Amino acid sequence: MSIARGMVLQRRRGAALLLAVLSPTLLLTGCLGDQLRPLPGLNQRLSQLGNGHDPALSGRWLALIAGQQGRQQVQLIDLERGLPVPLIGLNRPDSQPLSVAVDLSGERLVVVRQREDRTELVLHRRTLMATERLPIEPAGVPRQISLSADGRLLAVEVSRGGIWQVDLLELP
Amino acid sequence: MALVLLLAGCGPLGLRRQPAPPGALGAENREQPALSGDGRLLASLVERGGRSTVLLQDRRSGQVLPLPHLRDHQPHSAPSLSWTGRYLALLIQQGPHRQAVLQDRASGRLLPLMLPAGREPQRLSLAADGRRIAIELLDDGQRRVELFDLSGLLEPDLAPGLRQSGGGEVLP
């Protein structure tokens, strides 16, 4: 009888010890569960590009402005391969990109950039390697942009006479 | 408005301009536009009571869609929408800090997106399917972009007919 009671006590002590060991782990798991889960492999690749800002995520594509100070460029990352893809003809040494948007196919990028003394809005077609200016009428200074997934509708934040407005453009 | 539409069709690139849906208070500052992936909804920032407030509208009808959970958390900034606009990611004010949150308009749930300590979110870009989010962070004075996985937190917001594909991270 006393042997049986001793075994029960031993089991209870063992269970208490196990709970004491596991409790901090369970608490920690709960905390981590509330925190966002980073994607370390992709984030490491992004950090290799230097400082980055103004991300635009669309399907498998992440467009952003990244680089070392003074040499910031538009970058387009293929998230499935974890690699930047070339944007031939888009980045220029005489321009500073300010914001970027990309469509779901990664084919169309719209960029606001500072070039000489003006801020311009351009559309880049990646496979055509073609960049063209999008006129802003009435004249104004563009800043933030947003592109629909099909790349056909563009919303542009434009400053006109001290007021910020939103223009909607249907792209050809 | 008619003048804007007339000007629209005549652009050298075949650009068509659409008037943005009017804000509820007429002519006012509107900033940081964000289109849903399908282009149906437009989020932008307007001033309400001297505080920057997100306004979500049907782009064609101008109808304002209610966001009751975001009241009392101004200033808002950096709105970003999923494919149908079911999910709205944005920054809100939480005490002295900017907090990234995600509003699920289908369930009414407001989900805080908890970041590692010491990192202040600046801008957000939500993938149209809601599986990932790119966040521009200020970390020790440096701006950088990091990607986070939301696939365990959200039901995907998929385009009609789009096949399911894996979330998370894929690297070569």
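The values are calculated or read from the model by the stated rules, or taken from the named source; none is laboratory data. Remember, it's a predicted structure, so these values are computed and weren't measured experimentally. When we count neighbours, we look across all protein chains shown, and the Cβ atoms used for this are built from the backbone with ideal geometry, even at glycine. To get the accessible areas, we keep the full protein, side chains included, count just its heavy atoms, and leave off ligands, DNA and RNA. Shrake-Rupley method; radii C 1.70, N 1.55, O 1.52, S 1.80 Å.
Structure summary
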{"quantity": "The stretch A:62-72 - residue that is more than 8 Å from chain B (Cβ to nearest Cβ) and modelled with pLDDT of 95 or more and, of those, surrounded by the fewest Cβ atoms within 10 Å (Cβ to Cβ)", "calculated": "A:I65"}
{"quantity": "Residue list for the stretch A:156-172, restricted to those being in a strand (DSSP E or B) and either farther than 16 Å from B:A20 by Cα or more than 10 Å from chain B (Cβ to nearest Cβ) (or both)", "calculated": "A:R160"}
{"quantity": "Qualifying residues in the stretch A:143-153 (those that are under 16 Å from A:P55 (Cα atoms) and among the aliphatic types (A, V, I, L, M)) - the one nearest to the other protein chains (Cβ to nearest Cβ)", "calculated": "A:A149"}
{"quantity": "Those residues of the stretch B:106-145 which are of a type in the set (D, E, K, R), touching a residue at least 24 places away in the same chain (Cβ under 8 Å) and closer than 15 Å to A:L39 by Cα, in sequence order", "calculated": "B:R131, B:R132"}
{"quantity": "Per-region count, the stretch B:106-123, residues surrounded by 14 or more Cβ atoms within 10 Å (Cβ to Cβ), out of contact with any helix residue (DSSP H, G or I) (no Cβ under 9 Å at 6 or more places or on another chain) and not charged (D, E, K, R)", "calculated": "5"}
{"quantity": "Residue within the stretch B:12-21 that is of a type outside the set (K, R), part of a strand (DSSP E or B), modelled with pLDDT of 90 or more and open to solvent by less than 50 Å² (accessible area, probe 1.4 Å) present", "calculated": "no"}
{"quantity": "Output for the stretch B:127-146, where each listed residue is of a type in the set (G, A, S) and open to solvent by 10 Å² or more (accessible area, probe 1.4 Å)", "calculated": "B:A128, B:G141"}
{"quantity": "Failed item in (1) over 21 Å from A:N43 (Cα atoms); (2) within 12 Å of chain A (Cβ to nearest Cβ), with B:I92 passing the rest", "calculated": "(2)"}
{"quantity": "Hey, B:L55 more than 22 Å from B:A159 (Cα to Cα), of a type in the set (A, V, I, L, M) and in contact with a Gly (Cβ under 8 Å, 6 or more places away or on another chain) or not", "calculated": "yes"}
{"quantity": "Per-region count, the stretch B:55-97, residues of a type outside the set (A, V, I, L, M) and more than 24 Å from A:S58 (Cβ to Cβ)", "calculated": "16"}
{"quantity": "Criterion violated by A:Q75 - all others in (1) in a strand (DSSP E or B); (2) more than 26 Å from A:L39 (Cα to Cα); (3) open to solvent by 30 Å² or more (accessible area, probe 1.4 Å) satisfied", "calculated": "(2)"}
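Here's the yes/no breakdown for (1) of a type in the set (V, I, T); (2) under 14 Å from the mean Cα position of the chain (by Cα); (3) buried (at least 23 other Cβ atoms within 10 Å of the Cβ):
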| site | (1), (2), (3) |
| --- | --- |
| B:L42 | no, yes, yes |
| B:V46 | yes, yes, no |
| B:Q74 | no, no, no |
| B:Y87 | no, yes, yes |
| B:I92 | yes, yes, no |
| B:S125 | no, yes, yes |
| B:F148 | no, no, no |
